[in-house]
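Everything on this sheet refers to the single structure shown next.
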């Protein structure tokens with residue numbers, strides 16, 4: 001007790017809100033959007049209060065039903081749980097963007113279900129970020145994955161259902177492999193609580209734990225779309241409605257990374273075996289993802305397809321940072337989770353606004369749109385500059401930290417890969433900006449389209465401003481996450 | 001003794017799983033899948049888990065199978 | 001080998017898991033893939049349940065006449081949740097399959113590749 | 001070729017899995033960590049602390065009630081997902097499938113009609129007595145849902161849906177999620193944490209009614225959701 005009930009507000013409100021959406025919006029589907037936005041404002045408030053508490057008082061727990069672990073389920077609020085902040089921020093802005101977007105892009109009857117699913121997805125992510133129980137983690141993972149699959153298919157356009165089915169099969173296999181790992185850990189220790197698990201894993205057979213770690217890595221890297229397991233991502237992320245792409249690309253793939261971070265927290269504390277083999281694998285896969293993701297992105301014509309491949313490349317950075325297992329590497333990776341979410345949401349929402357106004361998706365058709373939609377294009381340009389990692393923007397600091405981490409770990413090769421990756425990324429975003437600003441329009445009528453409606457512009461502009469601000473005040477998240485990383489690496493004396 | 005019975009049930013489960021995969025007729029495969037669930041339900045009852053057995057019977061053998069049948073009826077019955 | 005024999009329950013679930021995975025990877029029919037997924041799901045449930053087996057364990061229902069040993073209630077609770085999750089996944093996947101069939105007239109993935 | 005490759009890959013994967021499995025604590029032994037660590041508390045204190053004779057119910061509704069709250073959310077998500085994927089733009093254009101291609105045999109009709117009341121009684125018994133006997137809200141609810149499906153098959157969906165008009169259905173579908181929230185928040189206000197139940201003191205009498213309320217919520221919600229998913233997939237409106 002003694003800590004207020006904000007955790008409950010955070011987790012339960014979106015679920016109740018989603019449950020009531022179809023009832024409230026039965027007569028007038030358009031109400032659903034405003035209702036979802038209202039519900040999510042409460043959630044965002046709760047997230048703000050909880051993050052403030054973490055930053056002032058340090059980590060704390062909430063015991064569901066009053067049962068202390070290992071009897072009951074614990075919600076654990078630590079520095080990594082602060083990802084609820086970015087979930088709420090991006091979620092809220094995407095919901096606002098959806099207000100105008102859903103009206104045009106979706107059949108009217110599906111609108112209430114769209115908003116209910118977005119609320120469930122965001123609520124599931126919040127739950128995933130704060131739970132301290134590995135089975136509860138699986139339950140929230142399923143809530144957010146199921147709603148994610150459905151959101152990909154909800155427009156019913158072109159190959160939406162096929163992309164969603166592919167995503168579902170891959171996602172379900174990865175969830176099962178995570179559940180299998182939970183089964184292994186439970187059979188070995190008899191507990192499901194993470195903190196407790198780390199203690200009790202110390203004196204068990206190491207081999208089954210290694211298999212469980214393998215299964216978890218496999219599962220989470222499918223969710224995060226690390227390279228050989230990324231095949232579901234490009235279709236799903238490019239075909240989904242743009243605000244959903246922002247949520248999927250900015251947040252849902254990060255859930256896989258967050259799961260990896262939780263696993264590392266347990267493993268470093270348990271010190272059961274040497275992690276260098278796993279780390280090296282992740283590092284290499286990360287490096288390959290960076291380069292190949294960027295190469296694939298370069299040859300894409302569809303703007304959203306390009307952004308989707310760029311996500312794969314950036315996930316590579318994060319995994320490389322994790323695999324380096326050095327302090328700066330992990331700090332860089334954790335902050336890149338946050339910054340990439342901001343940047344990718346800017347880009348996807350911006351692209352969504354362009355597609356919404358012009359009706360074109362290909363770079364060639366979008367030529368000259370920089371003059372027609374100056375604000376949106378400027379925001380996209382800021383996002384592009386940030387994602388390349390040019391100094392005053394958000395992308396710079398974390399890539400810099402990951403590079404520092406590579407040097408710290410004595411892996412110069414990876415620092416070089418990282419620079420090359422940035423170069424490739426630079427090339428394809430330059431190509432995009434060139435098309436927007438400097439090429440003569442392929443369709444003259446594109447110059448006559450106006451700016452996007454104001455509910456779409458506000459989220460884009462806010463996100464673009466944040467991209468800039470995070471570059472200037474980038475030290476704040478870095479210093480916020482630092483104690484957690486130091487604490488996590490402490491047992492190995494690093 | 002009960003060990004031997006467990007083994008028989010596991011054998012049946014694996015046989016059913018293989019049969020589900022091999023059967024080309026999707027309607028038949030759905031029914032075999034329902035049998036699979038029922039055997040599983042028996043396994044769980046024998047392990048002192050009547051709650052799980054009831055759920056498996058209602059959900060696995062009942063509702064899931066019906067949904068499969070609806071899907072087969074709405075799409076095509078033969079697998080190529 | 002002896003250890004494998006004692007843990008034959010785990011072995012059975014591993015085999016079922018691999019059968020399901022094989023079906024997903026090899027079968028072209030989407031409904032068949034989904035059946036493979038369901039087999040995989042039940043295999044994982046059987047795995048978790050095996051962690052809680054107690055030889056000659058009785059149903060953990062207290063009351064007059066109940067005597068130990070009781071079966072482990074915790075995995076049972078987890079699997080109850082798991083079964084519902086499996087049902088939800090199947091329901092959504094089958095809806096997608098119905099939509100795919102309505103659009104393309106086929107649910108064989110070999111034909112669907114061309115559509116993409 | 002593809003088959004052989006997959007098979008080889010899976011056999012390769014099975015080796016570490018089987019080896020790992022052979023190193024796990026022996027199945028069935030009472031000295032396993034799974035049986036000596038948390039579970040003794042559940043088994044010994046469970047009936048006292050939760051008021052459930054069925055320890056499985058004690059675990060899923062009380063100790064780990066939050067998981068079950070998540071579970072009902074998952075199935076509600078599935079319903080939203082099915083609606084979001086399947087509902088077609090304008091109701092006027094919907095493709096009406098013929099009620100059933102083969103006429104329903106009178107035997108089936110007779111059996112469904114005769115068994116229906118017994119099935120209903122059985123599920124209601126399960127839902128209400130979930131805390132002391134096997135079965136509980138979800139099992140009972142699914143059985144009622146299955147009965148509605150069977151009724152749709154023999155009498156046609158339109159007639160069955162009249163038992164549960166659309167306005168009512170909309171309220172019943174989220175019943176489980178909402179009931180969890182109501183009981184959870186009441187527990188939070190009265191006893192400290194979300195989903196807390198009284199262990200002792202003047203409110204002890206509320207414990208079993210609360211559990212029953214949750215079970216009824218899960219049952220009603222489960223039945224409505226299962227039937228609605230079926231209707232949506234079958235082509236009539238969920």
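The values are calculated or read from the model by the stated rules, or taken from the named source; none is laboratory data. Source: prediction; values computed, not measured. Here Cβ is always computed from backbone atoms with ideal geometry, including for glycine, and neighbour counts include all displayed protein chains.
Would you confirm, using the coordinates I've provided, whether residue B:22 is touching a helix residue (DSSP H, G or I) at 6+ places or on another chain (Cβ under 9 Å) and more than 9 Å from every other protein chain (Cβ to nearest Cβ)?
Judged against the criteria, residue B:22 is a match.
Within the range D:173-182, does at least one residue satisfy the condition of being under 18 Å from the mean Cα position of the chain (by Cα), in a loop (DSSP other than H, G, I, E, B) and at negative phi?
Within the range D:173-182, one or more residues are under 18 Å from the mean Cα position of the chain (by Cα), in a loop (DSSP other than H, G, I, E, B) and at negative phi.
Using beta carbons and a limit of 6 Å, which pairs, at least six apart or on different chains, have the first residue in the range C:70-81 and more than 7 Å from every other protein chain (Cβ to nearest Cβ) and the second one part of a loop (DSSP other than H, G, I, E, B)?
Filtered contacts from the range C:70-81: C:75/C:51; C:75/C:52.
What are the residue pairs meeting all of these: first residue in the range D:108-126, first residue free of Cβ contacts under 8 Å to residues at least 40 places away in the same chain, second residue assigned to a helix (DSSP H, G or I) and exposed (fewer than 13 other Cβ atoms within 10 Å of the Cβ), Cβ atoms under 8 Å, and 6 or more apart or on different chains?
The qualifying pairs do not exist here.
Can you pull out every residue in the range B:51-80 that is surrounded by 22 or more Cβ atoms within 10 Å (Cβ to Cβ) and touching a strand residue (DSSP E or B) at 6+ places or on another chain (Cβ under 8 Å)?
Answer for the range B:51-80, where residues must be surrounded by 22 or more Cβ atoms within 10 Å (Cβ to Cβ) and touching a strand residue (DSSP E or B) at 6+ places or on another chain (Cβ under 8 Å): just B:51.
So which residues in the range C:82-100 are facing chain B (nearest Cβ under 9 Å) and more than 24 Å from the chain's Cα centre (by Cα), if there are any at all?
Residue satisfying the conditions is C:100 alone.
What's the total number of residues in the range A:128-151 that are at the interface with another protein chain (Cβ under 7 Å from one of its Cβ atoms) and in contact (Cβ under 8 Å) with a residue 40 or more places away in the chain?
Matching residues across the range A:128-151 total 2.
From the residues in the range C:2-14 that are within 8 Å of chain D (Cβ to nearest Cβ) and in contact with a helix residue (DSSP H, G or I) (Cβ under 8 Å, 6 or more places away or on another chain), which one is surrounded by the most Cβ atoms within 10 Å (Cβ to Cβ)?
Out of the qualifying residues, it is C:10.
Considering D:185, D:112, D:177, which residue is under 21 Å from residue B:58 (Cβ atoms), surrounded by 14 or more Cβ atoms within 10 Å (Cβ to Cβ), within 14 Å of chain A (Cβ to nearest Cβ) and touching a helix residue (DSSP H, G or I) at 6+ places or on another chain (Cβ under 9 Å)?
Only one candidate passes the filter, namely D:177.
Just the residues that are within 14 Å of residue C:74 (Cβ to Cβ) and at the interface with chain D (Cβ under 7 Å from one of its Cβ atoms), please, taken from the range A:187-215.
If the condition is that a residue be within 14 Å of residue C:74 (Cβ to Cβ) and at the interface with chain D (Cβ under 7 Å from one of its Cβ atoms), then A:187, A:189, A:190, A:191 are the ones that fit.
Taking the stated definitions as given, is residue A:68 modelled with pLDDT under 90, assigned to a loop (DSSP other than H, G, I, E, B) and surrounded by fewer than 24 Cβ atoms within 10 Å (Cβ to Cβ)?
Against the criterion (modelled with pLDDT under 90, assigned to a loop (DSSP other than H, G, I, E, B) and surrounded by fewer than 24 Cβ atoms within 10 Å (Cβ to Cβ)), residue A:68 qualifies.
I'm checking my understanding of the structure. Among residues of the range D:188-209 that are surrounded by 17 or more Cβ atoms within 10 Å (Cβ to Cβ) and within 12 Å of another protein chain (Cβ to nearest Cβ), which one is modelled with the lowest pLDDT?
Ranking the qualifying residues of the range D:188-209, first place goes to D:191.
Working carefully through the options C:114, C:28, find the one that is touching a helix residue (DSSP H, G or I) at 6+ places or on another chain (Cβ under 6 Å), under 24 Å from residue D:1 (Cβ atoms) and at pLDDT below 90.
Within the list C:114, C:28, the selection yields C:28.
Inside the range D:23-32, can you point out the residues that are within 34 Å of the chain's Cα centre (by Cα) and either surrounded by fewer than 16 Cβ atoms within 10 Å (Cβ to Cβ) or within 8 Å of chain C (Cβ to nearest Cβ) (or both)?
D:24, D:26, D:27, D:28, D:29, D:30, D:31, D:32
From the set of residues in the range A:67-82 that are within 9 Å of another protein chain (Cβ to nearest Cβ) and without any contact (Cβ under 8 Å) to a residue 24 or more places away in the chain, which is nearest to residue A:124 (Cα to Cα)?
By that ranking, first place goes to A:72.
Give D:130, D:136 a once-over and let me know the one that is within 14 Å of chain B (Cβ to nearest Cβ), buried (at least 22 other Cβ atoms within 10 Å of the Cβ) and within 24 Å of residue D:79 (Cα to Cα).
Answer to the selection: D:136.
What residue, of B:38, B:27, B:42, is surrounded by fewer than 23 Cβ atoms within 10 Å (Cβ to Cβ), over 30 Å from residue D:133 (Cα atoms) and more than 8 Å from every other protein chain (Cβ to nearest Cβ)?
B:27
State all residues of the range D:148-166 that are more than 18 Å from residue B:56 (Cβ to Cβ), within 12 Å of another protein chain (Cβ to nearest Cβ) and touching a helix residue (DSSP H, G or I) at 6+ places or on another chain (Cβ under 9 Å); if no residue qualifies, say none.
Within the range D:148-166, D:148, D:150, D:152, D:153, D:157 meet the criteria.
State whether one or more residues within the range A:483-492 are over 30 Å from residue A:59 (Cα atoms), in contact (Cβ under 8 Å) with a residue 60 or more places away in the chain and exposed (fewer than 13 other Cβ atoms within 10 Å of the Cβ).
no
Restricting attention to the range D:72-87, which residues are touching a residue at least 12 places away in the same chain (Cβ under 8 Å), within 7 Å of another protein chain (Cβ to nearest Cβ) and assigned to a helix (DSSP H, G or I)?
Once the filter is applied, which keeps residues that are touching a residue at least 12 places away in the same chain (Cβ under 8 Å), within 7 Å of another protein chain (Cβ to nearest Cβ) and assigned to a helix (DSSP H, G or I), the range D:72-87 yields D:73, D:75, D:76, D:78, D:82, D:83, D:86.
Please report, ordered by residue number, the helices (runs of 4 or more DSSP H) entirely within chain B with at least 2 residues that are under 30 Å from residue D:120 (Cβ atoms).
So the answer is B:26-46, B:50-55, B:65-74.
Please go through the range A:359-380 and give me each residue that is surrounded by 19 or more Cβ atoms within 10 Å (Cβ to Cβ) and in a helix (DSSP H, G or I), ordered by number.
A:369, A:370, A:372, A:376, A:377, A:379, A:380
Answer yes if at least one residue in the range A:106-124 is away from chain D (no Cβ under 13 Å) and modelled with pLDDT under 95, and no otherwise.
No, the conditions are met nowhere in the range A:106-124.
Could you tell me how many of the residues in the range A:37-65 are part of a helix (DSSP H, G or I), within 20 Å of residue A:133 (Cβ to Cβ) and free of Cβ contacts under 8 Å to residues at least 24 places away in the same chain?
Counting residues in the range A:37-65 that are part of a helix (DSSP H, G or I), within 20 Å of residue A:133 (Cβ to Cβ) and free of Cβ contacts under 8 Å to residues at least 24 places away in the same chain gives 2.
So in the range D:47-57, with the set limited to residues that are surrounded by 22 or more Cβ atoms within 10 Å (Cβ to Cβ) and within 7 Å of chain C (Cβ to nearest Cβ), which one is farthest from residue C:76 (Cα to Cα)?
Checked the range D:47-57; the qualifying residue farthest from residue C:76 (Cα to Cα) is D:54.
Taking the stated definitions as given, is residue D:60 under 30 Å from residue A:152 (Cβ atoms), more than 7 Å from chain A (Cβ to nearest Cβ) and either crowded, with 18+ Cβ neighbours inside 10 Å or touching a strand residue (DSSP E or B) at 6+ places or on another chain (Cβ under 8 Å) (or both)?
Taking the combined requirement at face value, the residue does not satisfy it.
Find the helices (runs of 4 or more DSSP H) located wholly in the range D:1-67 whose residues include 2 or more that are touching a residue at least 12 places away in the same chain (Cβ under 8 Å) and on the phi < 0 side of the Ramachandran plot, and list them.
D:39-50
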